[in-house]
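Novice: Take this structure first; my questions come after.
The values are calculated or read from the model by the stated rules, or taken from the named source; none is laboratory data. Computed from a predicted model, the values in this text were never measured in an experiment. In this analysis, Cβ positions are derived from the backbone assuming ideal geometry, glycine residues included, and neighbour counts consider all displayed protein chains. Heads up: the accessible areas ignore ligands, DNA and RNA and are worked out on the full protein's heavy atoms, side chains in. Shrake-Rupley method; radii C 1.70, N 1.55, O 1.52, S 1.80 Å.
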Amino acid sequence: MSATPSTRTRQQAAVVVEKAVRRFGDRVVLDELDLTIADEELVVLLGPSGCGKSTLLRLLAGLDRPDGGVVEVPARRAVVFQADRLLPWQRVLRNVTLGLQGPDAEQRAGEALAEVGLAGRERAWPKELSGGEAQRVALARALVSEPELVLLDEPFAALDAITRLRMHDLVRALRSRHHAAMLLVTHDVDEAIALADRILVMGNGRIGNEHRVDLSSADREASVAREELRSTLLAHLGLAGQH
């Protein structure tokens, strides 16, 4: 089932993209792409390398502009990248307060760090953090300003398997507290099933398939429905038969 903005009204949507086009020279990366993300919805975007996932995320983040079409996003939005992008010359607390205004900036940053399990690490330098801790700081920095939209560009790809699972648990908890819409770009089908309200599969510059994930937490871990969804997603990605 293809995804089109007509499935939700603009009043219900945090993100509305209509007929978005992005070209680089003669290459069309986004080809009249349509997308909606509802308020408080967590959407996962899957697709092979080079299909335009990161280009779309950059448009939503305001880091790039479309060559055509409409892109409507909230004013308050934040991005978490694959690399933590912490400033090595600033301590953890100062990394989280970047861009914050007001006399309570440090208090808010400290609360955000406690929320991601890093209370007591405010004075640490980035080089003293593990990969998982650095990404927790990046999440705290993204959420401290209470954005309406959080864009996550493969933020857990460089982490080991156990740390990734812990980060998944953290994202679920943070989402329930902050009520932001989220778009997660990933190559990982299992990660998509674990986290998504809706999974979109991208190819040839468009979103070709959409799957709503109405599974309980237990069924997301192990169930016939999970395996059926996983097989379907792998088939859409041209990876049928792989485990």
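Novice: Quick check on region 78-97: of everything there that is outside any helix (DSSP H, G or I) and either of a type in the set (Val, Ile, Thr) or open to solvent by 80 Å² or more (accessible area, probe 1.4 Å) (or both), which residue is modelled with the lowest pLDDT?
Specialist: That would be 82.
Residue by residue, here is whether (1) among the aliphatic types (A, V, I, L, M); (2) under 14 Å from the mean Cα position of the chain (by Cα); (3) more than 22 Å from residue 114 (Cβ to Cβ) holds:
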site	(1), (2), (3)
132	no, no, no
161	yes, no, yes
171	yes, yes, no
177	no, no, no
207	yes, no, yes
210	no, no, yes
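Novice: In addition: Here are some residues: 104, 34. Which one is farther than 25 Å from residue 173 by Cβ, acidic (Asp, Glu) and either at pLDDT 90 or above or surrounded by 21 or more Cβ atoms within 10 Å (Cβ to Cβ) (or both)?
Specialist: Of the residues listed, the single one that is farther than 25 Å from residue 173 by Cβ, acidic (Asp, Glu) and either at pLDDT 90 or above or surrounded by 21 or more Cβ atoms within 10 Å (Cβ to Cβ) (or both) is 34.
Novice: So in region 116-147, with the set limited to residues that are touching a His at 6+ places or on another chain (Cβ under 9 Å) and surrounded by 19 or more Cβ atoms within 10 Å (Cβ to Cβ), which one is farthest from residue 41 (Cα to Cα)?
Specialist: Looking at residues that are touching a His at 6+ places or on another chain (Cβ under 9 Å) and surrounded by 19 or more Cβ atoms within 10 Å (Cβ to Cβ), I get 143.
Novice: Still on this structure: What number of residues within region 198-207 satisfy the criterion of being modelled with pLDDT under 95 and either open to solvent by 40 Å² or more (accessible area, probe 1.4 Å) or within 21 Å of residue 167 (Cβ to Cβ) (or both)?
Specialist: Number of matching residues: 2.
Novice: With the requirement that a residue be touching a residue at least 24 places away in the same chain (Cβ under 8 Å) and charged (D, E, K, R), what does region 66-105 give you?
Specialist: Across region 66-105, the qualifying residues are 67, 72, 76, 77, 84, 85, 91.
Novice: Hey, which of the strands (runs of 3 or more DSSP E) in region 106-218, taking only ones fully inside, have at least 2 residues that are in contact (Cβ under 8 Å) with a residue 40 or more places away in the chain and of a type in the set (A, V, I, L, M, F, W, C)?
Specialist: 149-153, 181-185, 198-203
Novice: Let me ask something else about it. Any residue at all in region 172-180 that's open to solvent by 10 Å² or more (accessible area, probe 1.4 Å), charged (D, E, K, R) and within 26 Å of residue 88 (Cβ to Cβ)?
Specialist: No; the residues of region 172-180 include none that is open to solvent by 10 Å² or more (accessible area, probe 1.4 Å), charged (D, E, K, R) and within 26 Å of residue 88 (Cβ to Cβ).
Novice: Right, here's the next one. Just checking, which of 163, 186 is surrounded by fewer than 21 Cβ atoms within 10 Å (Cβ to Cβ), at negative phi and of a type in the set (S, T, N, Q)?
Specialist: 163
Novice: Just checking, how many residues over region 125-135 are of a type outside the set (S, T, N, Q) and closer than 22 Å to residue 171 by Cβ?
Specialist: 6
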